[in-house]
Amino acid sequence: MWGADTQGLEVFAAIALGFLWIHTLLIAYAALLDRRGLASRLARAREAVVGTVVEAAGPEGVLARAEVDQVGRTKGDGVVHFADRAHRSVGWAGVLEVGGERHSLALEGAEVWPELDARERAAAPESAAQLESVLPQAKRAKGWRRTVAVDVGAVGSTVYYLPARGQEPAIVSALEPLGWLRTKRRAALLFVFAELAVAAGCTALALVPPAFGWVSMLGGAACLGFFLGVQPLGVALTDALRTPDRAYLRGRWG
Amino acid sequence: MATATSSAGSAAAPRLVRRRAEWRQIGIVAVYWSLLLTPVFVPAARNLLVLAAACYFSFLNSVVIHNHLHQGIFHSKRLNLVWRAVLSFGALYPASANIPSHNLVHHHFDDDGDLDWASPAHVGFGWNLLNLLHFPNVAGPRTFAGVQRWAAWSRHPTFVRQYRLESVFAFGLTGALMAFDFWGTLFFVVLPQLYGARCILRINLIQHDRADTASEWNHSRNFVGRGFNWIMCNNGYHTIHHNRAGMHWSELADAHSREVVPRMDPRLDEPSMVAYLLRTYLLNLRRPAKFVFGAAGDAAAQLPELASRAVRRAEADAAAVAEAS
């Protein structure tokens with residue numbers, strides 16, 4: 001039992017470890033590509049203009065708006081679960097005052113980065129009565145559809161502006177973009193190092209002599225657990241690296 | 001709806017199964033279980049050939065999951081639920097996950113706004129072979145996270161219970177085998193289980209990458225080899241499967257010739273999956289460009305008796321939920 005007959009299993013162990021490492025490296029490579037996807041924004045964020053909005057042509061005097069279309073559904077237990085259907089940036093013209101100088105902005109087509117906390121607040125129910133009122137629609141197959149909108153750049157507020165460069169659109173942000181990008185890129189790098197270290201640790205444990213002994217078996221189980229666990233972590237990292245204009249909101253009421 | 005033209009599927013209904021053709025699927029699963037269990041209990045059977053065969057049949061087991069979750073194999077609802085547990089062990093995931101992930105989400109493509117959990121857009125390596133290898137690492141977690149979210153609000157009365165039962169059976173039996181013989185089970189049961197589950201995810205990439213999921217007829221790639229489709233239970237005919245999700249798999253070949261071939265861009269009919277894989281992922285390093293289809297397109301190719309995409313979606317949703325009960 002347990003170790004039973006292990007004669008001639010080395011080749012199968014090599015195949016299993018080969019699969020493990022191919023996919024470990026693929027997940028690491030994908031994380032590095034996600035990280036690289038933020039590189040050009042990081043370069044632009046170093047030259048970001050920080051200023052005060054003095055004029056804004058958007059409705060209610062705002063420069064830009066980040067919107068998330070959502071559908072909320074419930075099974076009738078009083079809880080509404082939201083899924084994101086689309087993320088949208090809407091920008092208007094305006095004037096930014098930077099160190100006493102005024103700069104005209106045209107934000108059509110720009111990426112709009114809201115404060116994510118502000119978006120969470122905008123997505124929360126206003127009252128228990130509002131939750132009650134949407135339950136009947138949320139119970140239907142189509143669900144209850146809504147758009148969560150967060151304004152960025154109300155007159156008098158501070159925003160960060162990254163001008164368009166080549167094919168890349170301008171970015172107007174309510175949060176400090178350089179710090180955000182650095183944190184995310186650091187997290188990606190940390191993930192890659194941690195992933196490789198854990199994979200190496202599990203592999204080393206599996207290779208502890210005697211081959212297929214108790215310690216080796218623990219290593220084999222750790223390799224399997226790692227393989228199953230690292231994939232959702234890789235996807236979670238990809239999602240965490242989505243820029244604030246596309247970050248998932250989801251959430252629930254109740 | 002098309003008439004049943006397959007001799008296997010059209011004769012008088014047999015006693016246990018809904019159609020005679022289902023015995024092919026039962027046979028596939030029986031062979032697969034033999035390939036999984038023999039090496040655990042008979043060490044002399046531990047060789048590369050058995051492992052390779054188990055991996056291949058694991059993929060076929062996932063094909064059977066797909067078909068069974070569209071239309072249950074047996075007359076008896078209870079037997080269909082038990083069969084789902086049997087299939088779940090073969091794939092090391094609860095077969096009922098297919099209801100939300102495949103029947104309700106994948107069949108909608110991206111029509112609902114957010115990406116299909118198994119959309120080809122989830123991978124973006126320059127070297128195309130890496131996309132094929134990596135795809136399950138992304139589509140798998142997105143699928144299971146999506147299933148959890150769906151289960152949180154779904155009003156389906158038995159889904160969560162059945163999903164848990166299948167999980168307990170699949171992981172419980174695998175765990176028991178590991179307790180009996182850890183290494184034999186890891187190499188000859190778990191490896192094939194994972195291989196098949198991951199390959200069925202890869203099929204999403206193979207069948208839809210570079211096609212146009214917004215199109216009525218050009219959304220899928222078809223693999224039309226006869227031998228391939230015999231063992232794959234007609235899963236090579238993917239366009240017609242999307243357009244008529246309720247059609248039994250045994251009828252897909254004829255419907256493909258009748259409805260799809262005259263309307264679809266012929267580049268989406270591939271005679272051989274092996275040749276396609278070699279050409280696309282080994283001989284060609286880069287991901288091919290997205291197909292550009294002719295302007296005549298969908299409008300000219302409308303099939304009068306085919307309901308609109310939205311109506312078909314709603315019908316397929318209702319059928320999927322009913323089948324799951």
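The values are calculated or read from the model by the stated rules, or taken from the named source; none is laboratory data. Computed from a prediction, not measured in an experiment: that's the story for all the values here. When we count neighbours, we look across all protein chains shown, and the Cβ atoms used for this are built from the backbone with ideal geometry, even at glycine. Ligands, DNA and RNA are stripped out before the accessible areas are found, and what is left, the full protein with its side chains, is counted by its heavy atoms. Shrake-Rupley method; radii C 1.70, N 1.55, O 1.52, S 1.80 Å.
Computed values, structure above
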quantity	calculated
Interface area, A with B, accessible, probe 1.4 Å, both sides summed, Å² nearest 100	3600 Å²
10 Å Cβ neighbours from other chains, averaged over peptide A:65-71	1
Sequence ranges B:268-274, B:252-258, ranked by mean other-Cβ count within 10 angstrom, highest first	B:252-258, B:268-274
Reach of B:Lys290 by Cα under 14 Å, taken over aspartates and glutamates that are not fewer than 8 positions away in the same chain	B:Asp209, B:Asp212, B:Asp265
All lysines inside 25 Å of A:Lys75 as judged from Cα atoms, apart from same-chain residues fewer than 8 positions distant	A:Lys139, A:Lys142, B:Lys77
Chain B, relative contact order in percent, only Cα pairs under 8 angstrom and at least six apart counted	23 percent
Burial order of peptide ranges A:85-92, B:240-247 (average beta-carbon count within 10 Å, highest first)	B:240-247, A:85-92
Cα-based helix-to-principal-axis angle, A:10-36 vs chain A, degrees rounded to 10	10 degrees
Folded to 0 to 90 degrees: helix B:22-41 orientation relative to chain B principal axis, Cα	40 degrees
Per residue accessible area of region B:187-270, 1.4 Å probe, in Å²	28 Å²
Delta accessible area of at least 50 Å² on complex formation, residues of region A:214-254, 1.4 Å probe, chain isolated as reference	A:Leu224, A:Gln231, A:Val235, A:Arg250
Mean Cβ neighbour count within 10 Å, used as a protection proxy, ranking A:98-106, B:120-128, B:191-199 highest first	B:191-199, B:120-128, A:98-106
Probe 1.4 Å - accessible area at A:Phe212, Å² to nearest ten	20 Å²
Gyration tensor verdict on region A:5-108 (Cα atoms; rounded if a/c is under 1.5, prolate if a/b is larger than b/c, oblate otherwise)	oblate
Helix A:177-206 axis, angle to chain A major axis (alpha carbon atoms, nearest 10°)	10 degrees
Shielding of B:143-150 by partner chains, average beta-carbon count, 10 Å	2
Built amide H within the under 5 Å cut-off of B:Val224, gap 5+	B:Glu270, B:Ser272
Helix-derived mean residue ellipticity, 222 nm - over the protein assembly as shown, DSSP H n ≥ 4, -39500 (n - 2.57), to 500	-16000 deg cm²/dmol
Heavy-atom accessible area ranking, 1.4 Å probe, most first, across B:Met178, B:Met232	B:Met178, B:Met232
Shielding by partners, peptide B:153-165 (average Cβ within 10 angstrom, other chains)	2
Residues losing 10 Å² or more accessible surface upon assembly, region B:36-81, compared with the chain by itself, 1.4 Å	B:Pro43, B:Arg46, B:Leu48, B:Leu51
